[in-house]
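Asks: Take this structure first; my questions come after.
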Amino acid sequence: MALTLFQKIIAREIPAKIAHEDELCIAIHDIQPQAPVHVLVIPKKLIARVGEASPEDQALLGHLLLTAAQIAKELNLSAGYRIVINNGPHGGESVPHLHVHLLGGRQLTWPPG
């Protein structure tokens, strides 16, 4: 099976602007940002989408959200930010590797899509 785009970034086969990295995840700046701050928090473990996560992934999923919150603090998003997880083609998923979008740096509107 071919590696996903994010697996290639994790393996350093494709360059990326890294905002954070630890043993469980990597966070990179999105190359097509939808807000002044747009960071993707990606687990190093391949989970295709949140709808395919298992109960054993609970701690990892929590880690992704806490990491996004920490990055938001580091990037001075104290006025607010949005966290988004797309699931499946109708949910806007473009890469079959779970990732959390951290968006901020401007007033975000609702509904988002």
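Readers should treat all values here as calculations from the given coordinates under stated rules, not as data from a laboratory. None of the values given here were measured: they were computed from a predicted structure. Neighbour counts run over all protein chains shown; Cβ positions are idealised from the backbone, glycine included.
Asks: What is the distance, in nm, between label points placed 7 Å from the Cα along the Cα-to-Cβ direction at Asp22 and at Arg82?
Replies: In this crude label model, Asp22 to Arg82 measures out at 2.6 nm.
Asks: Here's a follow-up. Tell me, Val39, Val100, Val95, Val50 in order of fewest to most beta-carbon neighbours within 10 Å?
Replies: Val95, Val50, Val100, Val39
Asks: Can you give me the distance in nm between label points at Ser94 and Lys45, each placed 7 Å from the Cα along the Cα-to-Cβ direction?
Replies: According to this spin-label approximation, the distance is 2.7 nm.
Asks: Calculate the FRET efficiency for Arg106 and Ala59 from the Cβ-Cβ distance with a Förster distance of 41 Å, rounded to the nearest 0.05.
Replies: Calculated value: 0.80.
Asks: Taking 0.36 nm per residue of sequence separation and subtracting the Cα-Cα distance, how much length would be gained by fully extending the chain between Ile14 and Gln32, in nm to one decimal?
Replies: 4.9 nm
Asks: Which semi-axes, in whole Å and largest first, does the equivalent ellipsoid of the chain have when worked out from the alpha carbon gyration tensor as the square roots of 5 times its eigenvalues?
Replies: 21, 16, 15
Asks: A further question follows. Ranking request for peptides 64-72, 23-31: highest mean number of other beta-carbon atoms within 10 Å first, then the rest in descending order.
Replies: 64-72, 23-31
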